[in-house]
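Since the structure comes first, as structure tokens, the remarks are kept for the end.
Throughout, read-outs are computed from the coordinates displayed, never taken from laboratory work. Please read all numbers here as calculations on a predicted model, not as lab measurements. Quick reminder, even Gly has a Cβ in these numbers, built from the backbone with ideal geometry, and neighbours come from all protein chains shown.
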Amino acid sequence: MENYTLGLALEDFIPVIFSSIGLYLVSRMVSNVDARLGQMATIGFILVSIGGFLKATWKLTMAATNTQVNIAWFDKGMFMWMSVGFTLLAFALWFMSEVRSGKRQLGRIWLGPSIVLGLSLVAILFTGFPDLTVNTWRFILLGVMTIGNVVMVVLLIQQARYTNLNKMAWLFLANIVIVFVLSGLARMPDQSIPLQWTEQLLNTFGQGAFAYAAWKLAGVVSSESVPAAGQVRV
């Protein structure tokens with residue numbers, strides 16, 4: 001059973017807030033290009049934020065009750081919210097980049113996400129969902145979540161480069177690198193309090209960088225004023 005200090009648990013809300021701000025700005029940016037895609041991105045932002053806040057609330061509850069109250073679904077259920085949310089955000093950004101480059105006329109925008117999420121649902125139902133003692137279905141959702149997150153950030157890097165915001169592209173890259181570093185640190189068997197502080201401060205920096213870069217990018221991108229996505233400026 002993990003041990004958390006109250007300060008550690010409270011600090012965990014800061015990167016969640018940064019992430020939510022950044023994703024809100026991303027969803028607003030997508031809405032500036034296409035309203036329907038903006039709806040998809042907004043749903044994605046809300047779901048990811050719910051997952052993050054539930055996880056932080058779980059940690060706070062564990063710290064405040066000395067691990068006596070363990071709302072397991074607030075912890076393990078994070079993957080359900082975030083896998084769907086990042087998938088929707090990734091598809092919304094992909095379609096947005098296609099629209100801006102003139103390569104695509106929007107049609108059935110929900111078909112792709114529906115196929116991916118439908119297959120994911122079938123996979124987890126056949127691998128033990130919703131039994132929290134079974135890890136297989138959570139690993140499946142973790143994989144979907146990770147792919148969606150990486151694709152989303154890669155597309156944001158692409159958009160930042162297209163709008164000549166190369167420094168923001170580096171911040172987006174730093175964010176995803178930190179995500180993988182944190183994944184490695186989380187696998188260490190001895191999760192001491194100093195290590196957890198290191199992880200959370202790294203996460204805070206990464207999500208803060210993401211929020212700042214999203215703010216700068218969202219301030220530039222619009223359907224009227226932004227150059228076509230095929231015109232890459234470096």
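List of remarks:
- Annotation for segment 100-134 versus segment 54-91: alpha-carbon center distance of 21 Å.
- Farthest toward positive dipole pole in segment 6-220 [+1 Lys/Arg, -1 Asp/Glu at C-beta], among 155, 201, 180: 155
- Three-way shape call for segment 78-177 based on the alpha-carbon gyration tensor, with the a/c threshold at 1.5: oblate
- Shape parameters for segment 1-136, alpha-carbon atoms, Rg then Dmax in Å: 17.6, 56
- Helix 78-101 vs. the chain, principal-axis angle (Cα, 0 to 90°, nearest 10): 10
- Cβ-placed point charges (K, R +1; D, E -1), dipole of segment 6-220 about Cα centre in debye, nearest 20: 700
- For residue 171, the shell of other residues with beta-carbons less than 13 Å away shows a net charge of +3, using +1 for Lys and Arg and -1 for Asp and Glu.
- Residue exposure proxy: 190, 131, ordered by other Cβ atoms within 10 angstrom of their Cβ from fewest to most, comes out as 190, 131.
- Relative to the longest principal axis of the Cα atoms of the chain, the long axis of helix 35-64 makes an angle of roughly 20 degrees.
- Helix-only mean residue ellipticity at 222 nm for the chain, each DSSP H run of n ≥ 4 adding -39500 (n - 2.57), per residue, nearest 500: -26000 deg cm²/dmol
- Per the Debye formula on identical point scatterers at the alpha carbon atoms of the chain, with no solvent, log10 I(q)/I(0) at q = 0.12, 0.14, 0.17 Å⁻¹ is -0.68, -0.91, -1.24.
- Segment 1-56 - Rg and Dmax from Cα coordinates, angstrom: 14.2, 46
- This ranking places 84, 30 by how few other beta-carbon atoms lie within 10 Å of each, fewest first, which gives 84, 30.
- Of the Cα atoms belonging to segment 126-214, the radius of gyration and Dmax stand at 15.9, 48 Å.
- Using 0.36 nm per residue and subtracting the Cα-Cα separation, the extra length available between residue 132 and residue 14 on full extension is 39.8 nm.
- Charge tally for residue 82 (other residues, Cβ to Cβ under 14 Å; Lys, Arg +1; Asp, Glu -1): +2.
- Longest segment of the chain lacking GluC sites (Glu not before Pro) that sit in a DSSP loop with at most 16 other Cβ atoms within 10 Å: 3-223
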